[in-house]
Amino acid sequence: MRILVVNPNRVDACTELIRQAAQAVAAPGTEIVAVQPASGPVELTGQREVLLSAVGVLDCVARLGGEADAVVMAGFGEPGREAAQETSGAPVLDITECGPALAGLLGRTYTVVTSTERAVPVVADRFRALGLDGRCAEILPTGLGVPDLVKDRDAAVETIAGTARRASGEVVVLGCGGMAGLADQVARATGRPVVDGLTAAITCAEAIVRLGVRPFGAY
């Protein structure tokens, strides 16, 4: 099985981190191919950058999605899954949906811990569009951008955990692709359930492929 994972930012170290985190949770025999747009904003800090990045993400899906059994969009709050689904014949999953979907199985409410203050309205708007806002207790920023999350992982865990301890939701959802792979460490530091949207999306993608279910419109 091959899963294409598209990182919407152009931080090389983040794309590699996402690849490693995805491969670590993938089942034996699953190949993870992680890519990033060839052009567009280096880092997604607000609505403008998110929308500009979406074009590059769709280009990745158009060029490489046909070679994959499933596609995972690794930007939390990024738009365009619906367009990517039209572009690719394979199932397309978004960490913005998969993280909360798993959190909903673990508790009644969830808190999203995301990157910077500017990311909060991006996530909030996407949640409203997807109908996910009903069980979301709050969206809390850590103040860490993607370069910060990638550069010093121990410091990132400390900051994320400090923010997560203030959460009013029963479950914490890590709301940034740069936080991939940190759920276990944050859970140990806080003593509460923590969901990583990327690893949730990889597991869901594998399940969909094994079930042989195709997206609507593919029959």
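The values are calculated or read from the model by the stated rules, or taken from the named source; none is laboratory data. Since we're looking at a predicted model, the values are computed, not measured. Positions of Cβ are generated from backbone atoms using ideal geometry, with glycine treated the same way; all protein chains shown enter the neighbour counts. All accessible areas refer to the heavy atoms of the entire protein, side chains included, with ligands and DNA or RNA removed. Shrake-Rupley method; radii C 1.70, N 1.55, O 1.52, S 1.80 Å.
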Is it the case that segment 175-185 has a residue that's in contact with a Lys or Arg (Cβ under 8 Å, 6 or more places away or on another chain), more than 26 Å from residue 46 (Cα to Cα) and not in a strand (DSSP E or B)? no
Only strands (runs of 3 or more DSSP E) wholly contained in segment 1-75 count here; list those with 1 or more residues that are more than 17 Å from residue 200 (Cβ to Cβ), open to solvent by 50 Å² or more (accessible area, probe 1.4 Å) and in contact (Cβ under 8 Å) with a residue 60 or more places away in the chain. 2-6
Given the criterion crowded, with 21+ Cβ neighbours inside 10 Å and of a type in the set (Asp, Glu), identify the matching residue among 82, 78. 78
What is the residue count in segment 76-100 for residues that are over 16 Å from the mean Cα position of the chain (by Cα) and not in a helix (DSSP H, G or I)? 3
In segment 76-87, which residues are of a type outside the set (A, V, I, L, M, F, W, C), in contact with a helix residue (DSSP H, G or I) (Cβ under 9 Å, 6 or more places away or on another chain) and without any contact (Cβ under 8 Å) to a residue 60 or more places away in the chain? 79, 80, 81, 87
In the list 137, 90, 101, 129, which residue meets the criterion of being over 21 Å from residue 185 (Cβ atoms), in contact with a Phe, Trp or Tyr (Cβ under 8 Å, 6 or more places away or on another chain) and either open to solvent by 40 Å² or more (accessible area, probe 1.4 Å) or touching a residue at least 12 places away in the same chain (Cβ under 8 Å) (or both)? 137
Sole residue being in a loop (DSSP other than H, G, I, E, B) and within 13 Å of residue 114 (Cα to Cα), chosen from 169, 143: 143
Is at least one residue of segment 191-199 touching a residue at least 60 places away in the same chain (Cβ under 8 Å), surrounded by fewer than 23 Cβ atoms within 10 Å (Cβ to Cβ), more than 28 Å from residue 91 (Cα to Cα) and not hydroxyl-bearing (Ser, Thr, Tyr)? no
